[in-house]
Amino acid sequence: MKRRLLHQLVFGLAALYNLLWGLYAAVDPQWLFRFAGMPALNQPALFACLGMVIGVYGLLYAEVARRPEQGFALAAVGLLGKVLGPIGLMGLILRGEWPPATLVLCLTNDFVWWVPFSLYLWDAWPGYRRTFSAPGSRGG
């Protein structure tokens, strides 16, 4: 795989980041609301649950780092979340439900990963396509 070592490093870092972010969100689920000057959540377990989900993504990214040749689908789901999350947050901001300061979530959770995840998907696509080609087909 082209740039294999780079992809392993990126997904290893993404795994560590997500695991630490998830742990921090579980330990201090009000941090974003304090940071953005928002009222505290009356159900902080909801944000802690978000942290759990993001932490679980860290396990998936660790698997991509371990076996980059087989990680296309996991990375594609990860990138999709990193695109859809900011779209949802922009909706909240445009409706005035959340302040622009909450974009801090997207800086480290999403935007910084767009280019390296996209590069990985570009490099991994030919192998993924060959793996899932129908028997007897030319493999695209």
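Just so you know, all these numbers are worked out from the coordinates, no wet-lab data involved. Computed from a prediction, not measured in an experiment: that's the story for all the values here. Every residue, glycine as well, gets a Cβ built from its backbone with ideal geometry; the counts of neighbours run over all protein chains shown.
Quick one: if you stick a label point 7 Å off each Cα along the C-beta vector at residue 107 and residue 43, how many nm between them?
Between residue 107 and residue 43, the label points sit 2.9 nm apart.
In debye, nearest 20: dipole of the chain around its Cα centre with unit charges on the Cβ of K, R (+) and D, E (-)? Could the numbers behind the result be given before it?
Values: 11 positive and 6 negative charges, 116 e Å.
With Lys and Arg at +1 and Asp and Glu at -1, about 560 debye.
Taking the Cα centre of the chain as the origin and placing charges on Cβ (Lys, Arg +1; Asp, Glu -1), which of 17, 65, 85 is farthest toward the positive end of the dipole?
65
If contacts are Cα pairs under 8 angstrom and at least 6 residues apart, what is the relative contact order of the chain in percent?
27
Report, to one decimal in Å, the Kirkwood hydrodynamic radius for the stretch 4-130 based on all distinct Cα pairs.
Answer for the stretch 4-130: a Kirkwood hydrodynamic radius of 15.3 Å.
With each run of n ≥ 4 DSSP H residues scored as -39500 (n - 2.57), what mean residue ellipticity at 222 nm is computed for the chain after dividing by its residue count and rounding to the nearest 500 deg cm²/dmol?
Helix contribution divided over all residues of the chain: -23000 deg cm²/dmol.
Once whole DSSP H runs in the chain are found, which of them have Cα atoms spread over 24 Å or more along the helix axis and a mean Kyte-Doolittle score of at least 0.0? Before the final figure, lay out the partial values.
Numbers: long enough: 4-27 (34 Å, 1.24); 45-66 (32 Å, 1.59); 72-94 (33 Å, 2.03); 112-131 (29 Å, -0.16).
Helices meeting the span and hydropathy rule in the chain are 4-27, 45-66, 72-94.
Which of the listed residues, 47, 96, 8, is farthest toward the dipole's positive end in the chain, when Lys, Arg count +1 and Asp, Glu count -1 at the beta-carbon?
Final value for the positive-end residue is 8.
Any idea how far apart residue 66 and residue 6 come out in nm if each label point goes 7 Å out from Cα toward Cβ?
Between residue 66 and residue 6, the label points sit 2.5 nm apart.
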